[in-house]
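The values are calculated or read from the model by the stated rules, or taken from the named source; none is laboratory data. Just so we're clear, the structure is a prediction, and the values are computed from it rather than from any experiment. Cβ placement follows ideal geometry from the backbone for every residue including glycine, while neighbour counts extend to all protein chains displayed. Heads up: the accessible areas ignore ligands, DNA and RNA and are worked out on the full protein's heavy atoms, side chains in. Shrake-Rupley method; radii C 1.70, N 1.55, O 1.52, S 1.80 Å.
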Amino acid sequence: VERRALSNVTRTIEIFRAGRHRTVAGVEIAFSEAEVAHIASAYDPTKHEAPAVVGHPALDGPAYGWIKGLKADGGSLKAEVSLTPSFAEVVGAGHYKKVSAAFYTPGQSGNPAPDGYYLRHLGFLGAQPPAIKGLEPFAFADGVADGLAVVDIDLAFAEAEASDITGLGRVLARL
């Protein structure tokens, strides 16, 4: 039996937007279009390539892909996301319809660009309700629109913390 290596699936999706956003801790933070542009221009995957993960793992969660680049489009932050074929299939099937961007904060220890926010990781969420409504739908399966997106900034902009252990088990079982 001949096995062929499958290549990663890469798409550009909207992950964040300028505006006033409230963290789970109740802190409201305003982001201007200029700040969104700074996040995009400061991103350097040779300094820190942000992983694509399930939810918001503490320290030891696996990466199911990587953020290859960021681009500002007006007040919208878009990411070039490269997912493993098996995770792209799970996302394409609709198990993870939302994303949540976590950022290092300005001056935070470990921030590769300490003068501003820097993408730490992009979490794919299952049942988590979106905090920022109306981001562009994204697709990782041909012709399938996979829904809305949410955003977290370190402390989380999601409406509530959630853990999708069942969904993670499905992903791991497929790998």
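Does the range 83-96 contain at least one residue that is within 14 Å of the chain's Cα centre (by Cα) and open to solvent by 60 Å² or more (accessible area, probe 1.4 Å)?
No - not one qualifying residue is present in the range 83-96.
Take Ala102 and decide whether it is in contact with a His (Cβ under 7 Å, 6 or more places away or on another chain) and either assigned to a loop (DSSP other than H, G, I, E, B) or aliphatic (A, V, I, L, M) (or both). For Ala102, the condition - in contact with a His (Cβ under 7 Å, 6 or more places away or on another chain) and either assigned to a loop (DSSP other than H, G, I, E, B) or aliphatic (A, V, I, L, M) (or both) - is met. Taken together, the criteria place Ala18 among residues that are free of Cβ contacts under 8 Å to residues at least 60 places away in the same chain and hydrophobic (A, V, I, L, M, F, W, C). Selection of the range 13-51 for residues being in a strand (DSSP E or B), of a type in the set (Gly, Ala, Ser) and open to solvent by 30 Å² or more (accessible area, probe 1.4 Å) yields only Ala30. Pick out the one residue from Ala149, Ala79 that is of a type in the set (A, V, I, L, M, F, W, C), under 21 Å from Phe31 (Cα atoms), open to solvent by less than 20 Å² (accessible area, probe 1.4 Å) and at pLDDT 85 or above. Among Ala149, Ala79, only Ala79 is of a type in the set (A, V, I, L, M, F, W, C), under 21 Å from Phe31 (Cα atoms), open to solvent by less than 20 Å² (accessible area, probe 1.4 Å) and at pLDDT 85 or above. With respect to (1) touching a residue at least 24 places away in the same chain (Cβ under 8 Å); (2) under 23 Å from Arg22 (Cβ atoms), the lone exception for Gly107 is condition (1).
Against the conditions (1) within 13 Å of the chain's Cα centre (by Cα); (2) within 26 Å of Ile29 (Cα to Cα); (3) at pLDDT 95 or above, Lys71 satisfies every one except (1).
Please tell me if Val54 is within 19 Å of Gly134 (Cβ to Cβ) and buried (at least 20 other Cβ atoms within 10 Å of the Cβ). Answer is no for this residue. Residues of the range 157-175 include at least one that is open to solvent by 10 Å² or more (accessible area, probe 1.4 Å), within 23 Å of Ala18 (Cβ to Cβ), modelled with pLDDT under 85 and not in a strand (DSSP E or B).
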